[in-house]
Amino acid sequence: MSHVAIDGCLIHYHFDGPEDAPVVMLSNSLGTDMGMWGPQLAALTGKFRVLRYDSRGHGKSDVPPGPYTIDRLGQDALGLLDTLELRRVRFCGLSKGGMVGMWLGANAADRIERLVLCSTSAHLGPPALWEDRIRAVRAGGMAAIADAVLDRWFTSGFRAAAPDKVAPVRRMLLSTPPEGYVGCCGAIRDMDQRESIRGIGAPTLVVVGEHDPATPPPLGAMIAQRIAGAKLVSLSAAHLSNIEAASSFNSAVLEFLSA
């Protein structure tokens, strides 16, 4: 495990897989760390070198005062690529990570070979929703929102059938620094990439969860419609489809990244 300093913020990252393989960069959702990608490692490291990192304010990365911006989060990812001397990568991001992926695709097109955008949106309002969540976390910490968040992340059937898979995600959420969480809430609140994504030229796969209340399927469909040639895949899952529908997720993503 290693850290690099980007704009005075230490960003935590880790590589898995063969050193000489093409690199896939994975970007985590709001309220998680790089551990959320555990179900993907065995599938991806068969063909790729996997680069995971904790977004600023999350995991073992620094927690500067917020609010952050989507531009800042995108620059963090770009700075990590620069520091590691990675000229061009395949990128997969979920939720907030997908928002970073859209920023990279639109603003650093020469760095992205193929792009996977999962359970995400180019704009996610209304602002009052994010203001309410920020106030709740500031008043009661991460425990104040944990149950409601997990209800959006997984279907009730999955929560009942796979408590061993839900429990680690709950721990990730509860261990997220509140200041980092609300900083990223501010970035999502203020983000609007609905027009800029029209300029994305990288081959793109958009993955939606059929039962996702956090970023409902029409939001993913809008992204796919605005990115020329984008492919849309729907999985039987809620928001964290990479965990709830791991096998289907891995098959779709691996096939696309390997093309």
TODO: Please give the residues of the range 120-154, grouped as numeric ranges, whose backbone N is less than 12 Å from a label point set 7 Å along the Cα-to-Cβ vector of S196.
DONE: 122-123
Open item on the list: Per 0.36 nm of contour for each residue apart, how much would the distance between E210 and L174 grow if the chain were fully extended, relative to their Cα-Cα spacing?
Closed with: 10.4 nm
- [ ] Calculate, for H3 and D164, the FRET efficiency according to 1/(1 + (r/R0)^6) with r their C-beta to C-beta distance and R0 30 Å; round to the nearest 0.05.
- [x] 0.50
Open item on the list: Residues of the range 183-203 with backbone nitrogen within less than 14 Å of a virtual label 7 Å along the Cα-to-Cβ line of A139, please, listed as ranges.
Closed with: none
Task: Cβ-defined net charge surrounding S248, 12 Å radius [Lys, Arg +1; Asp, Glu -1] - done: -3
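Ignoring trypsin sites (Lys or Arg not before Pro) that are buried or in helix or strand per DSSP, and keeping those with at most 16 other beta carbon atoms within 10 Å, what is the longest stretch of the chain between them?
Value returned for the longest uninterrupted segment is 89-193.
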Task: Gain on full stretching of the segment that runs from T45 to S247 - 0.36 nm per residue minus C-alpha separation - done: 71.2 nm
Open item on the list: Once each part is reduced to its C-alpha centroid, what is the distance from the range 1-77 to the range 215-247 in angstrom?
Closed with: 21
Task: Placed amide H near H58: partners under 5 Å, 5+ positions off or other chain - done: none
Task: Under the span-like rule (Cα at least 15 Å along the axis, Kyte-Doolittle mean at least -1.0), DSSP H helices of the chain - done: 70-83, 96-107, 127-140, 163-175, 178-190, 246-258
- [ ] Starting from the amide H of I6, placed 1.01 Å from N in the peptide plane, find each other amide H under 5 Å away whose residue is 5 or more places distant or on another chain.
- [x] I11
Open item on the list: Just want to confirm a number: the relative contact order over the range 2-258, from Cα pairs under 8 angstrom separated by 6+ residues, in percent.
Closed with: 22
Task: Helix-only mean residue ellipticity at 222 nm for the chain, each DSSP H run of n ≥ 4 adding -39500 (n - 2.57), per residue, nearest 500 - done: -13000 deg cm²/dmol
Open item on the list: Counting only GluC sites (Glu not before Pro) that sit in a DSSP loop (anything but H, G, I, E, B) with at most 13 other Cβ atoms within 10 Å, what is the longest stretch of the chain containing none of them?
Closed with: 86-194
Open item on the list: Nearest 5 percent is fine: what portion of the DSSP beta bridges confined to the chain is antiparallel?
Closed with: 25
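Any read-out appearing in this document is the output of simple, stated calculations on the displayed coordinates, not a laboratory observation. These numbers come from a predicted model, not from an experiment. Because the Cβ atoms are built from the backbone with ideal geometry, glycine has one as well, and the counts that use them run over all protein chains shown.
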